[in-house]
Amino acid sequence: DRHTFANRPRKMRMMDFAVLALFPGLMVFAAVSDMLTMTIPNRVSVVLVLGFFLMAILAGLPLAAIGWHALAGVMVLAIAFVLFNLGWIGGGDAKLAAATSLWLGFGALPRYGILAAICGGVLTLALLQLRRLELPKVFTAHAWSARLLDSKVGVPYGIALAIAGLVVYPDSAIWLAIKAI
C-alpha cells in the first residue's frame, strides 16, 4: 500500500511525528510539572498555542477550521479565568485548558471537558483520602511528595487536564488530518 508510513516522503513523516509528538509531549510535561511543583510553566501554554498554528497549517487544516479551533480556545480561556477568579482552579490550569482546547476544537471539547472533570474528581478524592492517612515518612521524604500530600495545598489539576487531553487527542481534527494524508 503506497499510503503506509514508510512509503511517505521523509518531510511528511517528520511532520507526522511532530504533530503526533508535540501535543502529547507537552501534556506529559505539564502533568509532571504540576505534580512536582504545583505549577504549569507559561511556556508550555505558549508552545502549545504556537505549535498548534504551525502544525495546523502544515497539516493542511482549512483556515475556517483553524478559526473554529481558535474560538474554542478563547471560549475555554474565558470560562477558565472565571473559574480562576472564583479560586476554583489555578492560573496555569486555566491556560493549559485553553491551549488544550485550541488543539482539540469544538468537536472533541465536550468529551475533553467530561473526562477532565472525571479525572479531576478521581484525583481530588484520591488525594483527599491519602492526605487523611498517617503515611510512613518514605511517602513525604521528597519536597514534591510532601507538598502533594499536604492538606493545605490544592490539587494539581494539570494532571487531570493532561490525561483527558491525551485520551481525546486522537479524535481531534489535526490528528485526523495527519492520519488522512
Residue pairs meeting the criteria (Cβ under 8 Å; at least 6 apart or on separate chains; first of a type in the set (Ser, Thr, Tyr), in the range 120-144; second assigned to a helix (DSSP H, G or I) and open to solvent by less than 90 Å² (accessible area, probe 1.4 Å)):
THR140/ALA146
The conditions are (1) crowded, with 21+ Cβ neighbours inside 10 Å; (2) modelled with pLDDT of 95 or more; (3) farther than 26 Å from GLY67 by Cβ, and ALA164 fails exactly one of them. Which is it?
(3)
Enumeration of residues in the range 110-146 that are part of a helix (DSSP H, G or I), at pLDDT below 90 and open to solvent by less than 80 Å² (accessible area, probe 1.4 Å):
LEU130, ARG131, THR140, ALA143, SER145, ALA146
Mind listing whichever residues of the range 52-93 are crowded, with 19+ Cβ neighbours inside 10 Å and of a type in the set (Gly, Ala, Ser)?
ALA56, ALA59, ALA72, GLY73, ALA80, GLY90, GLY92
Has the range 78-89 got at least one residue that is under 16 Å from LEU26 (Cβ atoms), assigned to a helix (DSSP H, G or I) and small (Gly, Ala, Ser)?
no
Which ones in the range 147-157 are part of a loop (DSSP other than H, G, I, E, B) and within 20 Å of VAL32 (Cβ to Cβ)?
LEU149, ASP150, VAL153, GLY154, VAL155, PRO156, TYR157
Residues of the range 39-51 that turn out to be open to solvent by 50 Å² or more (accessible area, probe 1.4 Å), farther than 9 Å from LYS95 by Cβ and either in a loop (DSSP other than H, G, I, E, B) or not β-branched (Val, Ile, Thr) (or both), as a count:
3
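The values are calculated or read from the model by the stated rules, or taken from the named source; none is laboratory data. The model shown is predicted, which means the values in this text are computed figures rather than measured ones. FYI the Cβ positions are ideal-geometry reconstructions off the backbone, even for glycines, and counts take in every protein chain you see. Remember, those area values only see protein heavy atoms, side chains included, never the ligands or the DNA or RNA. Shrake-Rupley method; radii C 1.70, N 1.55, O 1.52, S 1.80 Å.
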